[in-house]
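Structure record follows, encoded as structure tokens.
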Amino acid sequence: MKTNLILYILIASTLLFSCKKQVQEYEKKVVFEPGATLEQKVKQAAHLVPTPQQLDWQKLEMTAFVHFTVNTFTDMEWGHGDESPEIFNPTQLDARQWVKTLKDGGMKLVILTCKHHDGFCLWPTKTTEHSVASSPWKDGKGDVVRELREACNEFGMKFGVYLSPWDRNAQCYGDSPKYNEFFVSQLTELLTWYGKVDEVWFDGANGEGPNGKKQEYDWNMYYDTIHKLQPDAVVAIVGEDVRWVGTESGYGRETEWSVTALAPGGRPENNAINTELGIGATTEDLGSRAVIDKVSQLFWFPAEVDVSIRPGWFYHESEDTQVKSLAKMVDIYFSSVGRNAVLLLNVPPDTRGLINENDAARLKEFRTYLDEMLDEDVLLKANSSNKKAKKAVDGNDESYWKINELPAVAEFQLSGKKRFNVLSIKEFIDKGQRVEKFKVEAMVDGEWKEIANSTTIGYKKMLRFSAVESNQIRLTIEEARDGALISNFNLYEAPELLSDPVIQRNKEGMVSISAETPHPIITYTLDGSEPTKDSKRFVETFALPDGGDVKARAFVNNFADASAVLVESYDICPAKWKVIDADTSHPNNPAEMAIDGNSATMWHTPWENDVAKQPHHISVDLGENLLLKGFTYTPRVDHNKSGTAFRYAFYVSDNGTNWKLIPTKGEFSNIKNNPVKQFVMFDKPQNARYFKFVSKEAINGEDWVSVGEIGVLTK
Ligand code: FUL
């Protein structure tokens, strides 16, 4: 009898213990058993979790990039590596001003381009003379990295380093073992001279092209160095902790899995996995069930959205009027932080070595807007008959609504009717990312009305919708992987923001201005002044054939609310221009589309049948003699970047027969990752009636070229 009882207790406690037993978690990587079914794989995917470093990084939400080097002084995006250190001479460099400005903007970490592709080092490295030590700045005794580190200490900001693997200055680049040693020495200096480093950023960009130097990077050695010297740092982009979201536009995927098939980093074995699967950072679907079905392992590899507050990564005076508007910044916030990613916002210091006033002002506005929006969570401590679901609205990040059965529904009652137009929802990703589909409804006039729905959540999903007033909210988690853990669910009222006006000019030089908001009053100026309510009203298209700056602003509510000021700078319009020659064109994309004043249409050479190889050219008759100071190339504007020109040549002529080559840099530096309109200025103005643009190489080595628009600069 006694033995029976003991046996019974033993069995019961084993059972109890096994029920309580935690499900197995997989940190950073899960490898499936051969022959695992999709269902088994999905279940394991649900329990793939971040490393503590990845989790800490994710919680930063907003981080900053500082692009600063010789390019700041040469007005370039990619230096060639032959820049003299003499040109590096900021007059008022103040890293405290950077950090304070960024911190006031809500940023939690700052990454400095310690060495960009041009090879110039912002710290007095022992590895090369191509550094601040050879510059006139502080008589060669300065150290930008140290000044930033100290400012970060002072303001309690985390600190990261960008070190470009591609180096256009180092003599040994291409002599693989030698350069690897050189690179590791640079890395070692950065990781040992400046205290704690929280993020190391390795850029994947390389513009060497097929005939350039070939360097085999020793990623194993690079990663070992970091793990040894800064074990708590995350390594980004060509790193194994943080993934490039795939564009430099500021927009992440609506369905953004941190659980991905993409194998991280640069190690050859991981590259082989991606090559076999045919995937890369820009692949749209990296984590759906369809993808999981095909793969034998998954990685916790969360996305980072890097974007510049201006069109370029480095400071250019010509972009002072093109600092992204508040509406655009808020849009980027919702599309990065609000889409399960960390925002890495670049704010480049100017030639003084200061964050420009325009950028600083925008950052301040941005932060104020977010603070106002997040000020009151109308769902906080709401009541619910679903006791477990109340943990999602208790304001505590560490507690969560644990869902076992799907779909799961929770209704929340507010104490009174509240107005809201933004929702934020979070999963407890310490234990993985699970949710695949959810929706939110509100009780309006006695009926449930769907106000938002989406797919993944992850660390955070934020959605905007037209304002609703209600006191009853319903959240439904419709689909998920092995249950779900919802840690927070919030509703806010964001201040209304007028979207930016859109200014367009057609081939004939007629300008139109529109705004998305219903019944706006739009005013504009042509003399550079800020449009006010008393400026000229836009009522019908007007002619601006010779170009100029159009500044426009939209007003609503009887001038009580105004949009940001939008500026478009135009040169001479292509009304009189004619294509006299183009080597070939796809039937749907004739060469005329490159000069039709509409960047949405393009000249494209054939890509399926009769594919002709590069180079390709287009020759244009300007219809009159002009003094050309430069030219512009606008890449295609659809999502496909195929055929975007990378290397080019530009010629002018008086008669359309004898051509003169104009000396230019010959490359649109960072166009592959950041396909914005390119401006090329000539050393000397050229009098000409004709021009010829020659595409020599496309960004991915394609045989064809695509041209949204080609323009000239005469101002
Ligand atoms: C790119 C680089 O080529 C750009 O110059 C910039 O640094 C950006 C963040 O990454 O790939």
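Of everything listed in (1) open to solvent by 20 Å² or more (accessible area, probe 1.4 Å); (2) closer than 25 Å to Lys641 by Cα; (3) of a type in the set (Asp, Glu); (4) part of a loop (DSSP other than H, G, I, E, B), the single unmet condition for Glu256 is (1). Taking the numbered list (1) surrounded by 17 or more Cβ atoms within 10 Å (Cβ to Cβ); (2) farther than 26 Å from Phe301 by Cβ in turn, Ser466 passes all entries but (1).
Residue selection: Ser563 satisfies the criterion of being open to solvent by less than 30 Å² (accessible area, probe 1.4 Å), in contact with an Asp or Glu (Cβ under 7 Å, 6 or more places away or on another chain) and outside the structural domain of Asn625 (by TED's automatic domain parsing). Of all residues in the range 189-215 being surrounded by 19 or more Cβ atoms within 10 Å (Cβ to Cβ), within 24 Å of Gln171 (Cβ to Cβ) and of a type in the set (A, V, I, L, M), which is farthest from the ligand (Cβ to nearest atom)? Once the filter is applied, the top-ranked residue is Leu191. Among the residues of the range 222-233, are any in a loop (DSSP other than H, G, I, E, B), within 16 Å of the ligand (Cβ to nearest atom), among the small types (Gly, Ala, Ser) and touching a Gly at 6+ places or on another chain (Cβ under 8 Å)? Scanning the range 222-233 turns up no residue that is in a loop (DSSP other than H, G, I, E, B), within 16 Å of the ligand (Cβ to nearest atom), among the small types (Gly, Ala, Ser) and touching a Gly at 6+ places or on another chain (Cβ under 8 Å). The set of residues in the range 312-371 being among the aliphatic types (A, V, I, L, M), closer than 30 Å to Lys437 by Cβ and in a helix (DSSP H, G or I) consists of Ala327, Met329, Val330, Ile332, Leu370.
Selection of the range 323-347 for residues being within 16 Å of the ligand (Cβ to nearest atom) and open to solvent by 20 Å² or more (accessible area, probe 1.4 Å) yields only Lys324.
Kindly indicate whether Thr532 is more than 30 Å from the chain's Cα centre (by Cα) and assigned to a strand (DSSP E or B). No. Scanning the range 521-536 for residues that are in contact with a Phe, Trp or Tyr (Cβ under 8 Å, 6 or more places away or on another chain) and open to solvent by 40 Å² or more (accessible area, probe 1.4 Å) turns up Ile521, Lys533, Lys536.
Each row is one residue, and each column tells you yes or no for (1) among the aromatic types (Phe, Trp, Tyr); (2) outside any strand (DSSP E or B); (3) buried (at least 24 other Cβ atoms within 10 Å of the Cβ).
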{"residue": "Trp98", "(1), (2), (3)": "yes, yes, yes"}
{"residue": "Ile111", "(1), (2), (3)": "no, no, yes"}
{"residue": "Asp139", "(1), (2), (3)": "no, yes, no"}
{"residue": "Glu154", "(1), (2), (3)": "no, yes, no"}
{"residue": "Phe159", "(1), (2), (3)": "yes, no, no"}
{"residue": "Asn169", "(1), (2), (3)": "no, yes, no"}
{"residue": "Cys172", "(1), (2), (3)": "no, yes, no"}
{"residue": "Lys178", "(1), (2), (3)": "no, yes, no"}
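Entry remark, the range 650-671: residues being open to solvent by 90 Å² or more (accessible area, probe 1.4 Å) and either touching a residue at least 40 places away in the same chain (Cβ under 8 Å) or not assigned by TED's automatic domain parsing to the domain that holds Val694 (or both) number 1 in total. Scanning the range 372-415 for residues that are in a strand (DSSP E or B), open to solvent by less than 80 Å² (accessible area, probe 1.4 Å) and not assigned by TED's automatic domain parsing to the domain that holds Arg434 yields a count of 0. From Gly239, Gly250, Gly265, which residue is modelled with pLDDT of 95 or more and over 29 Å from Glu33 (Cβ atoms)? Of Gly239, Gly250, Gly265, the one residue that is modelled with pLDDT of 95 or more and over 29 Å from Glu33 (Cβ atoms) is Gly250. Scan the range 580-602 for residues that are buried (at least 18 other Cβ atoms within 10 Å of the Cβ) and part of a strand (DSSP E or B) and the total you get is 3.
When residues in the range 649-673 are screened for being within 14 Å of the ligand (Cβ to nearest atom) and farther than 20 Å from Trp603 by Cα, 3 of them pass.
Of all residues in the range 95-119, those that are farther than 21 Å from Leu343 by Cβ have Cβ atoms under 6 Å from Cβ atoms of residues that are within 16 Å of the ligand (Cβ to nearest atom) and in a helix (DSSP H, G or I), 6 or more apart or on another chain, in Asp118/Val70. The set of residues from the range 301-322 being touching a strand residue (DSSP E or B) at 6+ places or on another chain (Cβ under 7 Å) and either at positive phi or within 16 Å of the ligand (Cβ to nearest atom) (or both) comprises Ala303, Glu304, Val305, Asp306, Val307, Ser308, Ile309, Trp313.
For the condition in a strand (DSSP E or B), within 28 Å of the chain's Cα centre (by Cα), crowded, with 18+ Cβ neighbours inside 10 Å and within 16 Å of the ligand (Cβ to nearest atom), Phe646 qualifies. Per the conditions (1) touching a residue at least 24 places away in the same chain (Cβ under 8 Å); (2) open to solvent by less than 40 Å² (accessible area, probe 1.4 Å); (3) away from the ligand (no atom under 16 Å from the Cβ), the sole criterion not satisfied by Lys126 is (2).
Evaluated against (1) among the polar types (S, T, N, Q); (2) touching an Asp or Glu at 6+ places or on another chain (Cβ under 7 Å); (3) buried (at least 20 other Cβ atoms within 10 Å of the Cβ), Thr634 falls short on exactly one condition, (3).
The values are calculated or read from the model by the stated rules, or taken from the named source; none is laboratory data. Computed from a prediction, not measured in an experiment: that's the story for all the values here. Here the Cβ is made from the backbone with ideal geometry for all residues, glycine too, and neighbour counts use every protein chain on show. The protein model used for the area step is the full one, side chains on, heavy atoms only, and it has no ligands, DNA or RNA in it. Shrake-Rupley method; radii C 1.70, N 1.55, O 1.52, S 1.80 Å.
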